[in-house]
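Colleague: Before we start, here is the structure in question, set down as structure tokens.
Derivation of every value follows stated rules applied to the coordinates shown; laboratory data play no part. Just so we're clear, the structure is a prediction, and the values are computed from it rather than from any experiment. Reconstructed Cβ throughout: ideal geometry from the backbone, glycine too, with neighbour counts over all protein chains shown.
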Protein chains: 2
Amino acid sequence: MDTFQKCHTNYTPLTPLTFLPRAASVYRDRISVIYGHIHFTWGQTYERCLRLACSLRTLNIGKNDVVSVLAPNIPALYEMHFGVPMAGAVLNAINTRLDANNIATILKHSEAKVFFVDYQYAPVASEAMRLLCDSRGRKVSQSSIPLVIVIDDVDSPKGIRLGELEYENLLSNGNPNYVPFSDQILDEWDPITLNYTSGTTSAPKGVVYSHRGSYLSTKSLILQWEMKSEPVYLWSLPMFHCNGWTFTWGVAARGGTNVCIRNACAEEMCHAITEHKVTHMCGAPIIFSILLEGNSNSLILNHPVEVLIGGAPPPPSILEKIEKLGFHVTHAYGLTEATGPALICEWQTKWNLLPINEQSKLKARQGISVLSLAEIDVKDLETMVSVPRDGKSVGEIVIRGSSIMKGYLKDEEATRKAFKNGWFLTGDIGVIHPDGYFEIKDRSKDVIISGGENISSIEVEAVLYRHPNILEAAVVAMAHPFFGETPCAFITTRLKSVTKKEETKKEREIIEFCRKSLPHFMVPKKIVFLKELPKNATGKIQKFELRALAKTYSPPPPTSSSTPPVKSIDQQTTTRRRYVPNDHHQHPKLKQVLAISRL
Amino acid sequence: MDTFQKCHTNYTPLTPLTFLPRAASVYRDRISVIYGHIHFTWGQTYERCLRLACSLRTLNIGKNDVVSVLAPNIPALYEMHFGVPMAGAVLNAINTRLDANNIATILKHSEAKVFFVDYQYAPVASEAMRLLCDSRGRKVSQSSIPLVIVIDDVDSPKGIRLGELEYENLLSNGNPNYVPFSDQILDEWDPITLNYTSGTTSAPKGVVYSHRGSYLSTKSLILQWEMKSEPVYLWSLPMFHCNGWTFTWGVAARGGTNVCIRNACAEEMCHAITEHKVTHMCGAPIIFSILLEGNSNSLILNHPVEVLIGGAPPPPSILEKIEKLGFHVTHAYGLTEATGPALICEWQTKWNLLPINEQSKLKARQGISVLSLAEIDVKDLETMVSVPRDGKSVGEIVIRGSSIMKGYLKDEEATRKAFKNGWFLTGDIGVIHPDGYFEIKDRSKDVIISGGENISSIEVEAVLYRHPNILEAAVVAMAHPFFGETPCAFITTRLKSVTKKEETKKEREIIEFCRKSLPHFMVPKKIVFLKELPKNATGKIQKFELRALAKTYSPPPPTSSSTPPVKSIDQQTTTRRRYVPNDHHQHPKLKQVLAISRL
């Protein structure tokens, strides 16, 4: 029974690259890519990717070589998701919001052999190259500097050049009958892409995906999002986020049309949605704000649009507005390390009978595992014991399966810490509801421990966001002489200008507002008004800066005469265990959590 | 870049067994199985499967041991698809239409350790055991005779026993907290099931599936059939056909409800469809005949039912009727060796604009590959060169990918022959249409070669089926002194009784009818009226018997004075290549083709 040999007939490497020749065969004349006036068919896209792969081989790019790219969601970036690994190489799509220093660090760390640069990013890329040359010049030969290839665009001003090579020229020199190097891949464990986490306090980490993991994730996501055949997919989510949550490959698998846009602004998105009858799009909840606050008045949907939202659920009021317009929202949760979404909030028919606010609550949960995960759990990291499925007991969300990254590039220590007892530690604190659905309560580092009680900063922020005048809110721990820590809220408001006196009044009013929805111990003791919240290049709020700021607002230590505060009823009745963070959580910022990432 | 180690976190074996604990977790209280008055939830089904796996271990069943079962589509058979491999064992679901001799052959060949028998099949199983004991008694010890376990049913007459053990008793003794042996599977290449091809002329072949192949096929099929979450799946297709085309596992993955029925008769199917609001069902086209000729008048669908049809497409007239009732038909093609459907006729929106007869033609094609196949092609087996995508050039359909079987059990020679140059040879003759869709023209052995031209017996049969009086038709080659072969048709009619004289008239009329739709050379030269067509235990028409019969109708050799027939215009204009069958095709009957199989 166990004597069968694996062979080329019955054991072929799992790779999403197989979706492209298949699409070119059965969807050959169907539109694969739309970008402004450019329309490609799947037959053309396949040919262009073959040309790209061939040209890269000519440039001596081969197995495991890293090809970096800095570009918005244009056709070239889409094509690289196939063309680069078809040459045996590893695609590294860099976040376009990074600064020259970040980019130089990535190019150096990844030892990129080629660096594709969209004309729009030529200045920052140029600066990054200068930094790289300076840093490398001291130690290594110039040969390790990546070859720069500019990507021109229909509307790009001529004359900007970082080198002699240009993307379209490269393609035109490639052989469309090239036999992809990837056809000779014997191991599905080979790397396909390299995605750097956003990294706010130290160097970013390079997350490496395998062909196997990407194939499995892609299939799971198009299956569980129920993406039907012939989707029209709008690239509102940057492709540099986990390779567009694998939909770069998924749209090919379903014979869909990729609608590429240079900027995910209201104008471009609204135009694309109505003009091309978009059926699917992804993103952080901010896309709703963009759509609603943009020219959404002109947005009349004649067809439903499926939207997969990663991260923080949109507030019920926005959700209601957006669904009334014709958008159907599904909530997902993922991490770069899990090849994009790992949980998806699969809707249950019976929930349709619930009141709308109940539905919003259910929709806001992170949901259930994708089928490419073997297991998911919430565990006490000290004992590795699972928490009860009561919707209350918190622990760390842990996952395992073939869609988890191979590891962090050149960082065995970090990989070892993230992989514990056969589990990947997400660094996110969550609960399992009695119905088996998962809900995230906080990043482990963001938990505020007040008088022995865990306070989820996300829960507090959610309440603040409901306040009509609050635009943005971030809650961190503030030292407290009795409770150890208490919540301190930083907010920006819709109000034009607020005097110091008004602030005090407003602060009291907001605290009162919070008291109506939160146990007393969870109510922020301090509300700080800021003009804007500190953010990093990817738009992620920099809580460590706020923590530093919070120190200045901490109440003074008690004098001997002062009375220690009495435990509130809320505190007495709650039984939540004190969460003890694991070592691994000392650097949670190094992991890019979709839950918090912004477009 | 290539230094990453596979570990339990990021490299877990692919197996459909993971779908069950997941379903038990997130769909715990949802109905998993309905059978008469029996309702199980996913929580209960998981528990029952754990008990079964535990009990099998207690009976000393372990890794790679074969567990055979002879049962209709009852809950026990469904549970075995998880419980048996969860014990590390290999499930062998035997075709219930086989005779005692066939069954004994399978039990012997598979070396089954346990033999589950539904009470209804106790007599034939008893006879099979007798044959097995007789044959084994001479050579081997009694210890190699399988342990028989009867499956009682709510309505089973008491007293029928082949042994002391009964399925429900076995379950009640099992530990529901058992840790599945399969959790310790380290290799997804391990066997999960063993399915025997129908075999009409020699011993059947045992097709072995891996956990990996089954997982990949399952996901591809629920994805490409677009089976949404919460399906209500009617078991009209026997689970012993490629493990119910993998939907045994697929329904668990989608958190659906399995509606089990003992007999796929009109009454049970109609009742189930309306009572349980069935959303999905599979089968051979004969289920439509059953539904339409049964009490379909009482069949009022208030909801659409998706039907996946394997094999010969239903005639347009039936298709139209059935779709008007609310059934939405998708056509698929597969083989046991490909873990069920390997091609699916994915519908294209633009086809909705075509006239209904054009739509029927498109719907009748076999379609495009499932995503678990790495490649599919139509090749000249001599040169292994692909045929042009012109919809005309025929060759053998060949496939490769991880959903292809591991091989034939204890038959290296047959495995080697079926796997050629990295391809699995399906034994089916087909074309690739310009749009990339595949269409089967014939089984290689069923091709009639007339005057150097290939005639597809299926094409001729399709025309005959359109005749209002013809019930069944089968076309085989008949020797011909000039053309080598010509088509000879065997038919059954709706007419009560036909005299010899009437037959001659009818024959001429049918030949005239065929001439309207077929090139002359393809028109049957002889129509033979039979009361019924010879069929095997699975209902497959036995063409070898008809070929023998056809010899008696061959025209006599020409005398010297007779004029050789002139080539028709059809023959002169057609350019199809003479098809030379490969060695592998000497035994095409050994492979169970869904295309021809019946319920």
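Colleague: Report the residue of chain B with the smallest Cβ-to-axis distance, using the rotation axis that brings B onto A, in whole Å.
Modeller: Nearest to the symmetry axis by Cβ: B:223, 2.
Colleague: Follow-up question, since we're still on this one. What nm distances, shortest first, do you get from the label point of residue A:517 to those in the other copies when the point sits 7 angstrom along Cα to Cβ?
Modeller: Copy-to-copy label distances for residue A:517: 6.7 nm.
Colleague: Once you charge only the Cβ atoms, +1 for Lys and Arg and -1 for Asp and Glu, what is the size of the charge dipole of the range B:5-136 about its Cα centre, to the nearest 20 debye?
Modeller: With only Lys, Arg, Asp and Glu charged at Cβ, the dipole is about 400 debye.
Colleague: Right, something else. Using only the Cα atoms of the range A:1-43, construct the convex hull and provide its projected area averaged over every direction, in square nanometres to one decimal.
Modeller: Its average projected convex-hull area is 4.2 nm².
Colleague: With contacts defined as alpha carbon pairs under 8 Å and 6 or more residues apart, what's the relative contact order of the range B:446-551 in percent?
Modeller: Relative contact order of the range B:446-551: 28 percent.
Colleague: Please report B:521, A:544, A:116 as a ranked list, fewest other C-beta atoms within 10 angstrom at the top and most at the bottom.
Modeller: A:544, B:521, A:116
Colleague: Now for a separate question. Rounded, prolate or oblate for the range A:446-551? Axes are the square roots of the Cα gyration tensor eigenvalues, ordered a ≥ b ≥ c, and the cut-off for rounded is a/c under 1.5.
Modeller: Oblate, because a/c is 1.5 or more while a/b does not exceed b/c.
Colleague: Taking R0 as 25 Å, what's the FRET efficiency between residue A:274 and residue A:530 from their Cβ-Cβ distance, rounded to 0.05?
Modeller: Approximately 0.10, to the nearest 0.05.
Colleague: Note the distances from residue A:349 to each other copy's matching label point, with points 7 Å along the Cα-to-beta-carbon direction, in nm, sorted shortest first.
Modeller: Reported distances to equivalent positions: 2.6 nm.
Colleague: Next question, about the same structure. Which residue, chosen from A:527, A:460, A:483, occupies the Cα position most advanced towards the positive end of the dipole of the range A:446-551, where the dipole is computed from +1 (Lys, Arg) and -1 (Asp, Glu) charges on Cβ about the Cα centre?
Modeller: It is A:527.
Colleague: Run the numbers on chain A and let me know its relative contact order in percent, using alpha-carbon pairs under 8 Å that are six or more apart.
Modeller: 12
Colleague: Give me the distance between the Cα centres of the range A:351-424 and the range A:461-505, rounded to whole Å.
Modeller: If you average the Cα positions of each part, the centres end up 30 Å apart.
Colleague: Please state the charge dipole magnitude for the range A:376-431, taken about the Cα centre, from unit charges on C-beta atoms (+1 on K and R, -1 on D and E), reported in debye and rounded to the nearest 20.
Modeller: Roughly 180 debye, rounded to the nearest 20.
Colleague: How high is the FRET efficiency from residue A:412 to residue A:111, r the C-beta distance, R0 22 Å, rounded to 0.05?
Modeller: 0.85
Colleague: Here are some pairs, A:324/A:392; A:6/B:205; B:63/B:219; which of them have Cα atoms lying more than 27 Å apart in this structure?
Modeller: Violating the 27 Å Cα-Cα cut-off are A:324/A:392.
Colleague: Here is a further query. Between residue B:328 and residue B:472, what is the label-point separation in nm under the 7 Å Cα-to-beta-carbon projection?
Modeller: Inter-label distance under the simple model: 3.3 nm.
Colleague: Once the principal axes of the Cα atoms of the protein assembly as shown are found, what is the range along each, listed largest first in whole angstroms?
Modeller: Here the spans come out as 123, 78, 56 Å, largest first.
Colleague: How big is chain B by Rg and Dmax over its Cα atoms, in Å?
Modeller: 24.9, 86
Colleague: Continuing with this model, one more query. Using a cut-off of 13 Å between alpha-carbon atoms, which aspartates and glutamates can reach residue A:410, once sequence neighbours fewer than 8 places away in the same chain are excluded?
Modeller: A:111, B:2
Colleague: Okay, moving on. Skipping prolines and chain starts, which residues have an amide H placed within reach, meaning under 5 Å, of the one on residue B:441, given they are 5 or more residues away or on another chain?
Modeller: B:429, B:430, B:431
Colleague: Can you list the copy-to-copy distances for residue B:38, using a point 7 angstrom from Cα toward Cβ, in nanometres, shortest first?
Modeller: Here residue B:38 shows inter-copy label distances of 6.0 nm.
Colleague: What does the charge dipole of the range B:446-551 about its Cα centre add up to, to the nearest 20 debye, if the Cβ of each Lys and Arg holds +1 and the Cβ of each Asp and Glu holds -1?
Modeller: So the dipole magnitude of the range B:446-551 works out to roughly 400 debye.
Colleague: Pulled fully out, how much extra length does the chain show between residue A:187 and residue A:350, if you take 0.36 nm times their separation in residues and subtract their Cα-Cα distance?
Modeller: The span from residue A:187 to residue A:350 would gain 54.3 nm if fully extended.
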